[in-house]
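S.K.: Sharing a structure here in structure tokens format.
Just so it is clear, none of the values below were taken in a lab; they were calculated from the coordinates. Note that the structure is predicted; figures quoted are calculated from it, not measured. Cβ: placed from backbone, ideal geometry, glycine included. Neighbour counts: every protein chain shown.
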Amino acid sequence: MALFDLPLDELRTYRSTSPEPEDFDAFWSKTLQEARQYDLDARFEPVDTGLSTVRVYDVTFAGFGGHPVKGWLILPDGAEEPLPVVVEFMGYGVGRGLPHEHLLWASTGRAHFVMDSRGQGSGYGGGGATADPVGAGPAYPGFMTRGIESPETYYYRRLFTDAVRAVEAARSHPLVDAARTGVTGISQGGGITLAVGGLVPDLVAVAPDVPFLCDFPRAATVTDRHPYREIGLFLRTHRGRTEDTLRTLSYFDGVHFAARGSAPALFSTALEDATCPPSTVFAAFNNWGHEDREIEVYDFNDHEGGGPYQEAAKLRWLRSRL
């Protein structure tokens, strides 16, 4: 895929036309209030992984609806004082995997909390361990249209709520310094990162890479690559439901969460990315609420984005923030 989206100078000023629901804040306030009626019940079970430089805990906490959600907490071996923590969210179809897949952040002396994604974890990587016990109406295969009949039933309402609760679970551990919390993720994980960045007001760093789940009206029409294409294929069968579908999606658009971002942010995008088109990423970046924001642009990359180069960029960027 060669360059297909807007020129870079236009991307830097691009603004989404995605309409923000009038009750966006009320919807999410009620959603999180309902979730917090359940005891967080965060449990950390030590795991013998054979790794000598880190300590690993198998985590279970109560997410949306009180449903059990899994995760990993990975700490540098020998940690005795509370550490800054990086909470990470996974890409589309990916679960928490295995602990040895997540050694970067603990290697920097930080705590690392990896959240499993409910109902996912069978696409690639080391797998997942969290069920999604909520049923849904007719949907196109994948997660993009599950429960899309309304914001209340949509799949990402559950996943974004789990993510906020994951931050709360990470902060509950005695070796985590709650005042020094950052969030990150790639693709779907980047979209979840944006949601958490807009819903949790006291983070110190937000780092979404090639984020998914942004600027739905444009994303659904500018690319025919999955997962966004799931929306169009659903509407191809369910004719006449475009307006209602976009209304549901507007409650989960990273553009609107970005407007509520209150921490420094480092984004990344790739100009040949047809999975998460750069205009959709810039739509969120240009709407980010905190003045301290940067974006790394990879000119000739697709959805792999910056890969290890972006990891290095985040390592440098976080030195003064987390």
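S.K.: Where the centroid of each part is defined by its Cα atoms, how far is region 18-78 from region 256-277 in Å?
M.R.: 23
S.K.: While we're here: Determine the dipole magnitude for the chain: charges of +1 sit on the beta-carbon of Lys and Arg, -1 on that of Asp and Glu, nothing else is charged, the reference point is the Cα centre, and the result goes in debye to the nearest 20.
M.R.: Using Cβ point charges on Lys, Arg, Asp and Glu, the chain gives about 340 debye.
S.K.: Taking 8 Å as the Cα distance limit and 6 or more residues as the minimum spacing, I'd like the relative contact order of region 12-81 as a percentage.
M.R.: Averaging sequence separation for qualifying contacts and normalising by length gives 24 percent for region 12-81.
S.K.: Suppose each label sits 7 Å from its Cα in the direction of the beta carbon; what would the Asp202-Ser172 distance come out to in nanometres?
M.R.: 1.6
S.K.: Right, next: Can you order the peptides 79-91, 206-218, 23-35 by their average number of other Cβ atoms within 10 Å per residue, highest first?
M.R.: The packing order, highest mean first, is 206-218, 79-91, 23-35.
S.K.: Net charge near Thr60: determine it from the other residues with C-beta under 9 Å of the C-beta of Thr60, scoring Lys and Arg +1 and Asp and Glu -1.
M.R.: Neighbourhood net charge equals -1.
S.K.: Pick out, in residue order, every one of the trypsin sites (Lys or Arg not before Pro) in region 229-322 that is DSSP loop and has at most 13 other C-beta atoms within 10 Å; say none if there are none.
M.R.: Here the sparse-neighbourhood loop sites are Arg239, Arg319.
S.K.: Let me know the shape class of region 234-283, please: from the alpha-carbon gyration tensor, a ≥ b ≥ c as square roots of the eigenvalues, rounded when a/c is under 1.5, otherwise prolate if a/b is greater than b/c, or oblate.
M.R.: oblate
S.K.: How much length, in nm to one decimal, is gained on full extension between Val134 and Arg225, taken as 0.36 nm per residue of separation minus their Cα-Cα distance?
M.R.: This chain segment gains 30.1 nm when fully extended.
S.K.: Can you compute log10 of I(q)/I(0) for region 250-322 with the Debye formula, treating each Cα as one identical point scatterer, at q = 0.15, 0.16, 0.23 Å⁻¹?
M.R.: -0.52, -0.59, -1.08
S.K.: Mind checking the full-extension length gain between Ser262 and Glu80? Use 0.36 nm per residue of separation minus the Cα-Cα distance, one decimal, nm.
M.R.: 62.5 nm
S.K.: Rounded to the nearest 500 deg cm²/dmol, what is the calculated helix-only ellipticity per residue at 222 nm for the chain, with -39500 (n - 2.57) per DSSP H run of length n ≥ 4?
M.R.: Calculated from helices alone, the mean residue ellipticity at 222 nm is -8500 deg cm²/dmol.
S.K.: Something else: At R0 = 22 Å, how high is the FRET efficiency between Gln37 and Glu152 if r is their beta carbon distance? Nearest 0.05 is fine.
M.R.: 0.85
S.K.: Enter the mean projected area of the convex hull around the alpha-carbon atoms of the chain, in nm², rounded to one decimal.
M.R.: It is 15.2 nm².
S.K.: Something else: For a quick check: with amide H placed at 1.01 Å from N, whose amide H comes under 5 Å from Phe212's, ignoring anything fewer than 5 positions away on the same chain?
M.R.: Those qualifying (amide H under 5 Å, at least 5 residues apart or on another chain) are Ser187, Gln188, Gly190, Gly191.
S.K.: Looking at region 46-169, what % of the alpha carbon pairs are farther apart than 24 Å?
M.R.: Percentage above 24 Å: 29.
S.K.: Let me ask something else. Which of these, Glu230, Glu291, Glu168, has the largest mean-square fluctuation under a Gaussian network model of the chain (Cα springs below 10 Å)?
M.R.: Checking each option, the largest mean-square fluctuation is seen for Glu291.
S.K.: Same structure, new question: What number, in percent, do you get for the relative contact order of region 89-191 if the mean sequence gap of Cα pairs under 8 Å and at least 6 apart is divided by its residue count?
M.R.: Reported as a whole number, the value is 31 percent.
S.K.: Would you please give the residues with an amide H less than 5 Å from that of Thr145, counting only those at least 5 places away or on a separate chain, with H modeled from the backbone geometry?
M.R.: So Thr145 has HN proximity to Tyr140.
S.K.: Could you tell me, in Å, what Rg and Dmax come out for the Cα atoms of region 191-301?
M.R.: Both quantities, over Cα of region 191-301: 14.2, 44 Å.
S.K.: Just order 155-167, 175-187, 46-58 by mean Cβ neighbour count inside 10 Å, highest at the front, would you?
M.R.: Descending packing order for the listed peptides: 155-167, 175-187, 46-58.
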